[in-house]
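Structure provided below as structure tokens; questions to follow.
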Amino acid sequence: MKIIFAGGGTGGHLMVGLSTAEEIRSRYHEAEIVFFGSDKKFERRCVEQKGFQYRQVRSKKWGKSAKQILRCIGSTFLGIYDSLFLVKNFNPDMVVGLGGYASVAPVIAAKLLGIPSIVLEQNVIPGKANRFLSRWVDEVYCHWRGSLKWLHQAKVVRITGTPVRKDILLSTKMRAVEKFGLSASKKTLLITGGSQGAQAINETFLRCLPMLEVLQNELQIIHCTGEYGYDSAKAAYKKTKMDAFVCSYLDDMGAAFRMADIVLCRAGATTIAEITAIGIPAILIPYPYAADNHQYWNAMEVVSNGGGYLLQQLDLTPEKIMELITDILDNKEKYDRMRMFNKGMGIPNAASNVVDNMRRLIGLKGAQFALMVG
């Protein structure tokens, strides 16, 4: 089996691809997998650390000004030119679009070359790239039924769930305790802003630390700050009595999620797929400038099903964070109910669902081609 994954721009798109690639590799040991992505060093590093090849394709993010739009269109045409050569040379069984501006050119190249293609959509409101590509690909695989109304131009849409990395599903709490050097008996609060961090969350939470010290005997913290918030966070934690593990980026998020009893985070689709696969009560703070406000609608799916709280960034204060954390911790019945509802939304076998459908589609297309040749 030979597969190209195409996409990027944010860590969420990439992690879905890596999760699917891991599932393919576990089933088909001789599979050849290549990722096509943007010029972001983070993407190349993540892909190559997992042992997959990475190829950069020319691409630019869609902008608001005429100049930005023209640059995007021009870059996309150049990316299609690049992709036609790269895709034809690799001759894959399928091209998988992961979303983001870097997915457009390789998926269009696949269509022009007659190669089967799909896109994976994790958000309730699909991104611009996936909405555009949905009319070109053979099938679309998504997580939420609410996405269907946005994908009416697609030939086939299947609810598969969002693939989650194996380390998220297989990690154990005792291994996590050893990794972070924290207590196995205390409750753990995980703060993460996603692959790029979240300065608004970091800054507000650090102001919350003095108030949280009253809970130091029962609560500890894992704080993934992102690159730009690490130094100030590290300095703030040195002044507090709270037990904490602070990092700029964590390769092993599986250990962090297994350790976590509460998670305070953005409402990115991949993050939500991960916390619901395990079942962790969440305080979700949607990124207010996300396209189509899609993080808000992702969060609403969790909140409306009783798995967490929605906290708008405009309402983000140390006092509000403290109120929600204590509300979850002080009410075991509510906590257990939130955990159950949250896990009920999860689709931990999503990677298997996606690969099963990919294999079916590759076989179907192969049979159609053989019939035509015959």
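Among the residues of the range 235-255, which ones are open to solvent by 30 Å² or more (accessible area, probe 1.4 Å) and part of a strand (DSSP E or B)?
244, 245
Could you say whether any residue in the range 264-272 is out of contact with any strand residue (DSSP E or B) (no Cβ under 9 Å at 6 or more places or on another chain) and under 24 Å from residue 42 (Cα atoms)?
Initial filter on the range 264-272 (out of contact with any strand residue (DSSP E or B) (no Cβ under 9 Å at 6 or more places or on another chain)): 268, 270.
Remaining after also requiring under 24 Å from residue 42 (Cα atoms): 268, 270.
Scanning the range 264-272, I find at least one residue that is out of contact with any strand residue (DSSP E or B) (no Cβ under 9 Å at 6 or more places or on another chain) and under 24 Å from residue 42 (Cα atoms), so the answer is yes.
Could you please find all residues in the range 187-201 being crowded, with 22+ Cβ neighbours inside 10 Å and in a helix (DSSP H, G or I)?
Residue satisfying the conditions is 201 alone.
Just checking, which of 96, 104 is of a type outside the set (Gly, Ala, Ser), touching a residue at least 24 places away in the same chain (Cβ under 8 Å) and open to solvent by less than 10 Å² (accessible area, probe 1.4 Å)?
After ruling out the rest, the residue left standing is 96.
When the residues of the range 149-186 are filtered to those that are of a type in the set (A, V, I, L, M) and open to solvent by 90 Å² or more (accessible area, probe 1.4 Å), which remaining residue is farthest from residue 269 (Cα to Cα)?
174
So that you can scan it fast, the table gives a plain yes or no per residue for (1) free of Cβ contacts under 8 Å to residues at least 40 places away in the same chain; (2) within 19 Å of residue 298 (Cα to Cα); (3) among the charged types (D, E, K, R):
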| residue | (1), (2), (3) |
| --- | --- |
| 156 | yes, no, no |
| 163 | no, yes, no |
| 171 | no, no, no |
| 175 | no, no, yes |
| 193 | no, yes, no |
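Would you say residue 258 is within 27 Å of residue 166 (Cβ to Cβ), open to solvent by less than 50 Å² (accessible area, probe 1.4 Å) and basic (Lys, Arg)? Before you say what the answer is, go through the steps one by one.
On the way: within 27 Å of residue 166 (Cβ to Cβ): yes; open to solvent by less than 50 Å² (accessible area, probe 1.4 Å): no; basic (Lys, Arg): yes.
Criteria not met by residue 258.
For the subset of the range 125-138 comprising residues that are open to solvent by less than 10 Å² (accessible area, probe 1.4 Å) and of a type outside the set (Ser, Thr, Tyr), which member is nearest to residue 111 (Cα to Cα)?
Ranking the candidates gives 137 first.
For the range 33-45, state whether one or more residues are free of Cβ contacts under 8 Å to residues at least 40 places away in the same chain, open to solvent by less than 10 Å² (accessible area, probe 1.4 Å) and either under 20 Å from residue 170 (Cβ atoms) or among the hydroxyl-bearing types (Ser, Thr, Tyr) (or both).
No, the conditions are met nowhere in the range 33-45.
Might you check whether a residue that is in contact with a Cys (Cβ under 6 Å, 6 or more places away or on another chain) and either farther than 16 Å from residue 321 by Cα or among the basic types (Lys, Arg) (or both) occurs anywhere in the range 232-251?
Scanning the range 232-251, I find at least one residue that is in contact with a Cys (Cβ under 6 Å, 6 or more places away or on another chain) and either farther than 16 Å from residue 321 by Cα or among the basic types (Lys, Arg) (or both), so the answer is yes.
Of all the residues that make up the range 207-234, how many are in a helix (DSSP H, G or I) and open to solvent by 50 Å² or more (accessible area, probe 1.4 Å)? Talk me through it step by step, then tell me what you get.
Of all residues in the range 207-234, those in a helix (DSSP H, G or I) come to 207-215, 227-234.
With open to solvent by 50 Å² or more (accessible area, probe 1.4 Å) added as a condition, the list becomes 207, 210-211, 214, 227-228, 230-232, 234.
Within the range 207-234, residues that are in a helix (DSSP H, G or I) and open to solvent by 50 Å² or more (accessible area, probe 1.4 Å) number 10.
The values are calculated or read from the model by the stated rules, or taken from the named source; none is laboratory data. Owing to the predicted nature of the structure, the values given are computational and were not obtained by experimental measurement. FYI the Cβ positions are ideal-geometry reconstructions off the backbone, even for glycines, and counts take in every protein chain you see. Side chains are part of the model used for accessible areas, which takes the heavy atoms of the whole protein and leaves out ligands, DNA and RNA. Shrake-Rupley method; radii C 1.70, N 1.55, O 1.52, S 1.80 Å.
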